[in-house]
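The values are calculated or read from the model by the stated rules, or taken from the named source; none is laboratory data. The structure displayed is predicted, hence computed values, not measured ones. All Cβ positions, glycine included, derive from the backbone under ideal geometry; neighbour counts span all protein chains shown. Please note that ligands, DNA and RNA were not included when accessible areas were found on the heavy atoms of the full protein model with its side chains. Shrake-Rupley method; radii C 1.70, N 1.55, O 1.52, S 1.80 Å.
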Amino acid sequence: QVQLVESGGGLVQAGGSLRLSCAASGRTFGSYFMGWFRQAPGKEREFVAAINRSGYTTLYADSVKGRFTISRDNAKNTVYLQMNNLKPEDTADYYCAAAGHLDRRLVSYDYWGQGTQVTVSS
């Protein structure tokens, strides 16, 4: 039972940066592996990045590797997604989610936030 709330989305020009935050309620945040997913209009939700419970192991989609960085602060019950060198193809609704293990598969995640919109103009 985790409640997740994303923030930090908005409008940005290509080449710019955004930092998304996902705040979790409750006392069990540190027990979850966390992930970020995104969904563009008319497309399936796709994996972006994931991080283990301690924050020392990460996993990235090839499309964002080298540009995005996932991190977490368990003391603040928050996971972050730093997005640099943004491209128009990154435009989507971004969701944070919680899972029991490190995985890129959507089905592995048990809890989801409401999402935050990211729009990258060319």
Bin width 10 Å, origin at 0, all Cα-Cα pairs of the range 27-97: what percent of pairs per bin? 20, 51, 24, 4
Where the only charges are on Cβ atoms (+1 Lys, Arg; -1 Asp, Glu), what is the dipole of the chain about its Cα centre, to the nearest 20 debye? 240 debye
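What percentage of the solvent-accessible surface of the chain, computed with a 1.4 Å probe over protein heavy atoms, is contributed by carbon and sulfur atoms?
Numbers: 2960 of 6480 Å².
Carbon with sulfur: 46 percent of the solvent-accessible area.
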Which listed residue (A49, N84, S71) has the Cα farthest towards the positive end of the charge dipole for the range 1-115, taking +1 on Lys and Arg C-beta and -1 on Asp and Glu C-beta about the Cα centre? S71
If I histogram all Cα-Cα distances within the chain using bins 10 Å wide from 0, what percent of pairs lands in each bin? 15, 51, 30, 5, 0
Partner lysines for K43 [C-alpha distance under 27 Å; skip if fewer than 8 residues away on the same chain]: K65, K87
Report the antiparallel proportion of the DSSP beta bridges in the chain as a percent, rounded to a multiple of 5. 90 percent
If the label point sits 7 Å along Cα→Cβ of S121, residues of the range 1-37 with amide N under 11 Å come out as 11-14
Ratio of the range 1-40's C-alpha Rg to 2.2 N^0.38 Å, to two decimals? 1.45
Show L4, L59 ordered by accessible area, largest first, where the area counts protein heavy atoms only and the probe is 1.4 Å. L59, L4
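Given the peptides 26-34, 89-97, 6-14, arrange them by the average over their residues of other C-beta atoms within 10 Å, most packed first.
Details: 26-34: 17.2, 89-97: 21.2, 6-14: 14.7.
Highest mean packing first, the order is 89-97, 26-34, 6-14.
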